[in-house]
Every structure is written in structure tokens, then in C-alpha cells.
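Asks: The structure's right below; bear with me while I get my questions together.
Each reported figure results from applying straightforward, stated rules to the coordinates on display, with no laboratory input. These figures come from a predicted structure and were not determined experimentally. Glycine also receives a Cβ, built like all others from the backbone with ideal geometry; neighbour counts cover every protein chain displayed.
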Amino acid sequence: MAGAVERVTLTHLQIPLKEPLRVSGGEVAIKDAILVAVETGHGIGLGECSPMTAGLVDPCDMPERCWDDLALRIAPDLIGWAFGAVEEIAERAEAWAGCSRFAVAGAETACWDLLGQARHATIAELLGASLDQLDRGVESGLSLGLYPTIVELLRAIEAHMDEGYRRVKIRVRPGQDVELVRAVRQHFGEELPLMVDANGAYTSADLDVFRELDGFDLLMFEQPMAADDLDGLIALQKAVATPVCLDETVGRPDKTAEAIRLGACRIVNLKLQRLGGFGPALALHDLCYRHGVACWVGSMPELGVGQAQGIHLAALGNCKYPSDLQPSARWFVDDIVVPLIEHAIPGLLRIPTRPGLGYLIDPAKVRRYQVRHLEVTAPRG
Ligand SMILES: [Mg+2]
């Protein structure tokens, strides 16, 4: 229906962040993204593979490995392939087993964009979002990294207060936790919707830290313990009233299902990159719904194509908390999408209404920030 794939264009982009993103495992100052353009005779589908650098993700999800997966395995496999249903996209993506989920997400999401264009439907509609969800829009939350001092953290929050974000997420790590939360509560009050993300930095020896944090009326504890430490997560969720949210664990599908079944969490952060695209994200969203576990949409953060994808995903009914999706101007000195990602009203992102992803890219900006470029087409003759 969308025609056979004639060309896949990969463009590795690097755009500086306005401030480094620091988490417990490391920091990043430049955004790496691989733009994936999948072209048929009828149109071009856009996807983004949004890898991270050392310390923030597993080694297999770093830019070099993602580039190789896309260039050597995934792009050649797409050439000549025709598809007309999301099930066919899922089947094709299964053939990319062993590749980084981030690389798979880059190509899988581009195919959803093409399918939406062919069907004159938005990706949110293809996913099954209802009309009133589409009307409501998507709540945008402010996400902040670690700062060298409490004063700098408070200043960073202050700098964004008038943008209307629907909640604030701060990073914590052992030794920088209760004091940070207490300072934010004292400075901004009890009413501020607030959550913490530990990026897996604690162990079950730290339950007392979370018992103390439990008194600050936080929305959730995001990934308090390591991705595969289900025993620690279960013990914590039993010990506190604040919901535990999975993030890094979600990169391990077997562990995620087990964690949900065993009550290790009450909330799951859906990330298209970690999950490998819309199909797996929708499946996890539905699994969570069946178990009474709420979702929300996180970000790596991605450039505009990835943020726009997240907006479509966050239109699903079981996405019940504000997202980490933020305007282009929040993290990056520039962005490649047209229009830029912006709040429609303070703290709210509108779901695009044009078919597919609903965003275009600015070719001049893509050229400006590209560090590597590859076109894959059918072999001649
Ligand atoms: Mg997280």
C-alpha cells in the first residue's frame, strides 16, 4: 500500500545541548541522533534513532553501534520491501533481533510515519488514541539533571517556572537526595508536582533513604534501583507509599513483564528508543493497562522527530502522568524539525493533525549538523 522501499537515508547529527545533562551514571553535552528517512514512490517516512554516550545507556545503544546496525543490517533489509499494516512492520522489526533497540526504533518509527501518510491517519490514530485524548493534548513535564550545588538546581527550576510545565522531575543519587528534595519543597512549596529519577543508582541497602523521601508527597520514584534488581524494587515498593516507576528495566522485556506481575512498580515510563518503536511501546502500554499500572512517555531526550513521536504515543489512554516531552528550545541550541516543538499553551503540547508524524525536517539544518551521511538503495542491475 505504501509502495516498496526504494531508498533509506541515514544522517548522523550532532547538536550541542544548552547545558550538559548529568545523571548518576555520567553526563552528555552533545546530542547524537541518527535521522532515518525511508523512501517509497509515494512518500518519505521519518524516524529518529537517538543513542546516548558512555555511562547513560548500555554500550550497545551508543552511536557507533547504532549506526552500524542501521547501515549494515536494517537499511539493506528494508530495500524492496512493501508493507500495508502495522503487523507487517512488527514482523519485519523482529528480523532485526540482536540490533540495538535504539537502531530498531529509528527504522520502525519511520515505517509508521509512511503507513500513516498512506492511510491519511496520524500516528496517534494508528495507535488507537481516542478523539477526546487527541483533543486534550499532551502534558509536558520539566526534566532536570544533577547540578553541582542545591542553589544551581533551584535556579534551574526557577528559570523554567513561567513556562507552565505540569510537573518537575529532578535527578538524585546517593548522597544527593533527601536534601535536594527538601530544598525544592521549601523553595517551591508543597503544591509543586515533583518526582525524582535515580537512574538505578541505589540498592536495597538504601531503603531508609526512600522511607524519608516518602514523606515529601512525590509523584513517583523513577528507577530507584538497577534495571535487573527486581528483588530490590519489590522490597522498596512494599516499604513506601510513593509509586515506584520503571525506566531502565524497560530495556529488558522479560524483566519488565516479571516486574509488573510481581508488583515491583505501579508506573512504567514508555520510551520509544528503549523499546524499539511504536509496536513494542503499544504492547507494553496495553500490558500495563491490564495490570492496573499507569504509564507516561519519557525522552532520552530526542531531537524533534523523536519528541514528535513521543507526543503521538502519549495520546494513548493509559498515559496518565505528564510526559518528559519538552519544546525544542529546552535542551538544544537548535532543532531540525519544522515547525519546532513548542508548547501550544503553557505546559501543553498539541498532537499534530497532519497524516503520519505530522512534522517535516529543515534540510539546511540537517546539512549544518550532519557528521555522517549514507544512502542505501537497491543494487544496480
Ligand atoms: Mg529515567
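Asks: Taking the Cα atoms only, what angle lies between the long axis of helix 178-188 and the longest principal axis of the chain, rounded to 10 degrees?
Replies: Orientation of helix 178-188: about 90 degrees from the principal axis.
Asks: For the chain, what does -39500 (n - 2.57) per DSSP helix run (n ≥ 4), summed and divided by total residues, give at 222 nm, in deg cm²/dmol to the nearest 500?
Replies: Helix-only estimate at 222 nm: -10000 deg cm²/dmol.
Asks: Ok, one more. Fully extended, how many nm does the chain gain between Glu342 and Glu179 (0.36 nm per residue separation, minus their Cα-Cα distance)?
Replies: The Glu342-Glu179 span can extend by a further 55.4 nm.
Asks: Further question: At a Förster distance of 30 Å, what's the computed FRET efficiency of Ser130 paired with Ile150, Cβ-Cβ distance as r, to 0.05?
Replies: In this case the efficiency is close to 0.10.
Asks: Right, here's the next one. Hey, what's the Kirkwood Rh for the chain if you take every pair of different alpha carbons, in angstrom?
Replies: Its Kirkwood hydrodynamic radius stands at 20.9 Å.
Asks: Another question, if that's okay. What list of ³J(HN,Hα) couplings, whole Hz, do you get for segment 123-132 from phi and the Karplus terms 6.51, -1.76, 1.60, once you set θ to phi - 60° and write x for glycine and proline?
Replies: 4, 4, 5, 4, 6, x, 5, 8, 4, 6
Asks: Could I ask something else about it? On a C-alpha basis, how far is the centre of segment 252-324 from the centre of segment 149-178 in Å? Whole number, if you could?
Replies: Comparing the Cα centres of segment 252-324 and segment 149-178, I get a distance of 24 Å.
Asks: Show log10 I(q)/I(0) for segment 125-349 at q = 0.07, 0.12, 0.13, 0.14 Å⁻¹, two decimals, from a solvent-free Debye sum over equal Cα scatterers.
Replies: Cα-only, vacuum Debye calculation for segment 125-349: -0.21, -0.63, -0.74, -0.86.
Asks: Using only the alpha-carbon atoms, how far is helix 230-239 inclined from the longest principal axis of the chain? Give it as 0 to 90 degrees, nearest 10.
Replies: Value to nearest ten degrees: 40.
Asks: Going 7 Å from the Cα of His120 toward and past its Cβ, which residues in segment 339-357 have a backbone nitrogen under 14 Å from where you end up?
Replies: Counting only backbone N, you get 354-356.
Asks: What distance in nm separates the simple spin-label points at His42 and Arg367, each placed 7 Å from Cα in the Cβ direction?
Replies: 3.1
Asks: Further question on the same structure: Can you tell me the orientation of helix 253-262 relative to the chain, as the angle in degrees between its alpha-carbon axis and the longest Cα principal axis, to the nearest 10?
Replies: 40
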